[in-house]
Structures are given as C-alpha cells and as structure tokens.
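Report on one structure; see the data block that follows.
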Amino acid sequence: MKTISVEYVANKRSLPHVKTSDIFYGAYLLSQGSKLEGVSKDQVDRRRIEFEFSGPSMERLAFDYISGEATVNVNFLKASLKHLKDIVFEKIREK
C-alpha cells in the first residue's frame, strides 16, 4: 500500500480540497478532473512544492489511489504530469 503526504483542507468552500506534495498523486487528481486551486513553496524546504486540488470526488479518488485501485487514461495522466512538472520548475526558479 502506498503512503503519500496528503492534507485535507477544512474550510467553508463547497468542494472538498486536498493538499499534497506528491506530484504523481497530483497528476492523478488532475487527470480525473480535479481542479488545481493553488501551488505554493514549502517555507522550510524551498525545493518542495505543494499543490492544492478541489473536486466533488476527492475522498473516492484518494481511496482509489492509495489502495491501488485507481485507473486512468494514460494520455490524460501524462499531460497532467507534464503540466505539474512545468509548474514545479517555474516555482523552483522563483526567488
């Protein structure tokens, strides 16, 4: 079973939110239609980037990913991973 760093964000927004620094989990969420709400640098480790996602099925997607039951369209996953990598490289270059 996989272990990933996931923080469920509790707030008053209507859709569930997830924060993670796992780029593969982020690409999976993005490829499944979740919305990328924000990207931030970790204040301690400036090379660590955290992504925030929202969507109506976050609990199901998290369960599927962690349990290894997730299925994806490989083209969507590849495009999502490339998009997140581009964001990471851009954020790392920021001062």
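Values as computed for the structure displayed
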read-out	value
Prolate/oblate/rounded label for the stretch 6-93 (Cα gyration tensor, a/c 1.5)	oblate
Other-chain or far-sequence residues with amide H under 5 Å of Arg48's (modelled H)	Asp42
Reachable aspartates and glutamates, given that their alpha-carbon falls under 19 Å from the alpha-carbon of Lys91 and they are not under 8 places away in the same chain	Asp22, Glu37, Asp42, Asp45, Glu50, Glu52
In Hz, Karplus ³J(HN,Hα) per residue of the stretch 41-56 (6.51, -1.76, 1.60; θ = phi - 60°; x = Gly, Pro)	8, 5, 6, 8, 9, 5, 8, 8, 10, 10, 10, 10, 10, 9, x, x
Charged-residue dipole, Cβ positions (Lys, Arg, Asp, Glu), the stretch 6-93 about Cα centre, Debye nearest 20	340 debye
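Bear in mind these aren't lab numbers, they're just calculated from the coordinates by the rules spelled out. Keep in mind that this is a model prediction, so the values were computed, not measured. Reconstructed Cβ throughout: ideal geometry from the backbone, glycine too, with neighbour counts over all protein chains shown.
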